[in-house]
Amino acid sequence: MTQLIEQFKAIVGNAAVITDPQEAASYATDWRKRYFGKPLAVVKPASTAEVAAVMKLCAQTRTAVVPQGGNTSLCGGATPDAAGRQLVLNLSRLNRIRAVDAVNNTLTAEAGCVLASLQQAAAGADRLFPLSLAAEGSCEIGGNLSTNAGGTAVLRYGNARDLVLGLEVVLPDGQIWDGLRGLRKDNTGYDLKHLFVGAEGTLGIITAAVLKLYPRPRARATALVALASPYKALQLLSHIQGACGDRVTAFELMSALCLAIVAKHYPATRLPFAKAYAQYVLLELADTSNAQSLEAALQGALADASERGLALDAVVAASEAQAQALWALRENLPEAQVREGQQVKHDVSVPISRIAEYICATDAELQRVFPGVRMITFGHLGDGNLHYNIAHPQGGDAGALMERAGELSRVVHDSAVRFGGSISAEHGLGQYKRDEILRYKSPLEMDLMRRIKAALDPQGIMNPGKVL
């Protein structure tokens, strides 16, 4: 192994190879601290050529590789096992923005670029890169693409997959596929980029991408709406889309408990309503028109919604500061959950039209299985994605809840599939749901996935133990 480590150093430089266990510790565990591994080494190449050279050496020596970006995976997808024989290939040094083409509305960036930096680069060209999620200050675009990340703007702009025009990928044998094309139409056979988007590094390593940009919105209008039930939230979604069209960029559902725990763990939080309601929706419109016309459209749509009995109360942000305060209720929620204690967490999707049924049916079944559990339910209602999380009963024992995590997850996942949904909407499978997916995908689907894996990675060195 010493000789192999020296060969890696010869490729990327001594300082870019980490072998000290303490120094490597942050690369060897996931964001949720659920999985802990022991890497052979952490190697940090600075170019696509270096990635290719490292992969060629790994193929020759049959060394397993765990690709890693900002290490914000929620399913253990970027964590090595504990055997000490898997290489963590961290791409954070591949952080150049290679080109911004404002006329073609594209941005070409390397995999290690932090998502927020891409948003800023797009803004500098008077454009919008719409991918937006809670970890955008630390997650990297290579990981976003490898997990087909979603976020808060999917309703209008789609998942990460929908924002990619071309890819550069290093294959398991070290070959480089240059598919960096900024074309919106290219009907010349199989669209290979879609094999690697969402594959979680199990088929190859994304090193760069051509990404779609959009006209930069000139105005935003943000509101928090109080509702009686998820059914009313669905009716409100239809109403707002009918009134405002594709200017609706975000439509985030949050249960009463969501706002309660944010207020509990962020004491400076000022809730905008005098009393608590069963459900809330945080919605946002964006357009290239002026702010006054956009806010008028939102105010009118909400007034009509109130008259129809869809909304119980609403507050519209009167300034950017107020808009940020409303968004903080949603953005602080993941950390508030951490402070609240251990929970059984899920990332499911169901057809939008069935979300309300799903929530009510699943809530009832969970109460039957484990009386008193609390549901911290929130997510991107406009695209059918719910973060359906289960907390221990008030005053109860979190340990007792976690002992039954598998049983509770089975209720949540079975229900999602029964309603025509999926057990993973935007977080991927990683190692967390690798075995669980066998219960829900057909044998044929699994066989096709294994065939693709065998064709591209016949030695099985790419991110073993993840997805398959």
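A few comments on the model shown:
- Restricted to region 393-443, and to residues there that are touching a Leu at 6+ places or on another chain (Cβ under 9 Å) and of a type in the set (Val, Ile, Thr), the residue that is farthest from Cys360 (Cα to Cα) is Ile437.
- Scanning region 86-112 for residues being closer than 19 Å to Lys56 by Cβ and not β-branched (Val, Ile, Thr) gives a total of 8.
- Condition met for Gly396 (in a loop (DSSP other than H, G, I, E, B), surrounded by fewer than 20 Cβ atoms within 10 Å (Cβ to Cβ) and either at positive phi or aromatic (Phe, Trp, Tyr) (or both)): no
- Scan of region 35-58 for residues that are surrounded by fewer than 16 Cβ atoms within 10 Å (Cβ to Cβ) and either of a type outside the set (S, T, N, Q) or touching a Gly at 6+ places or on another chain (Cβ under 7 Å) (or both), ordered by number: Phe36, Lys38, Ala49
Quick grid of which residues meet (1) touching a Pro at 6+ places or on another chain (Cβ under 7 Å); (2) within 25 Å of Leu237 (Cα to Cα); (3) modelled with pLDDT of 95 or more:
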site	(1), (2), (3)
Glu331	no, yes, no
Ile352	no, yes, yes
His380	no, yes, no
Asp397	no, no, no
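- Check on Ser238, touching a residue at least 40 places away in the same chain (Cβ under 8 Å), surrounded by fewer than 22 Cβ atoms within 10 Å (Cβ to Cβ) and not assigned by TED's automatic domain parsing to the domain that holds Lys44: no
- On inspection, Gly151 fails the criterion of being in contact (Cβ under 8 Å) with a residue 24 or more places away in the chain, closer than 17 Å to Ile97 by Cβ and not aliphatic (A, V, I, L, M).
- Subset of region 438-464 [part of a loop (DSSP other than H, G, I, E, B) and surrounded by 11 or more Cβ atoms within 10 Å (Cβ to Cβ)]: Tyr440, Lys441, Asp457, Pro458, Gln459, Gly460, Ile461, Asn463, Pro464
- Among residues of region 259-302, those that are free of Cβ contacts under 8 Å to residues at least 40 places away in the same chain, of a type in the set (A, V, I, L, M, F, W, C) and under 21 Å from Tyr231 (Cβ atoms), counted: 1
- Every listed requirement among (1) assigned to a loop (DSSP other than H, G, I, E, B); (2) out of contact with any helix residue (DSSP H, G or I) (no Cβ under 6 Å at 6 or more places or on another chain) is met by Ala226 save one, (1).
- The lone criterion from (1) in the same structural domain as Gly174 (by TED's automatic domain parsing); (2) hydrophobic (A, V, I, L, M, F, W, C); (3) over 23 Å from Leu167 (Cα atoms) left unmet by Leu74 is number (1).
- Beta carbons closer than 6 Å, at least 6 apart along the sequence or on distinct chains, pair a first residue in region 433-456 that is modelled with pLDDT under 95 with a second that is surrounded by 11 or more Cβ atoms within 10 Å (Cβ to Cβ) and not in a loop (DSSP other than H, G, I, E, B) for Lys433/Ser424.
For every residue, the table says whether it meets (1) assigned by TED's automatic domain parsing to the domain that holds Lys433; (2) touching a Gly at 6+ places or on another chain (Cβ under 7 Å); (3) crowded, with 17+ Cβ neighbours inside 10 Å; (4) under 16 Å from Leu213 (Cβ atoms).
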site	(1), (2), (3), (4)
Asp126	no, no, no, yes
Leu145	no, no, yes, yes
Ala149	no, no, yes, no
Tyr157	no, no, yes, yes
Gly166	no, yes, yes, yes
Val170	no, yes, yes, no
Asp178	no, no, no, no
Asp191	no, no, no, no
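- Scope region 340-362; condition under 16 Å from Arg418 (Cα atoms), surrounded by fewer than 18 Cβ atoms within 10 Å (Cβ to Cβ) and not hydrophobic (A, V, I, L, M, F, W, C); matching residues: Pro351, Ser353, Arg354, Glu357
- For region 105-154, the candidate set comprises residues that are β-branched (Val, Ile, Thr) and part of a loop (DSSP other than H, G, I, E, B); within that set, the residue that is nearest to Gly179 (Cα to Cα) is Thr147.
- Wholly enclosed helices (runs of 4 or more DSSP H) of region 1-69 bearing at least 1 residues closer than 22 Å to Phe196 by Cα: 48-61
The values are calculated or read from the model by the stated rules, or taken from the named source; none is laboratory data. Computed from a predicted model, the values in this text were never measured in an experiment. All Cβ positions, glycine included, derive from the backbone under ideal geometry; neighbour counts span all protein chains shown.
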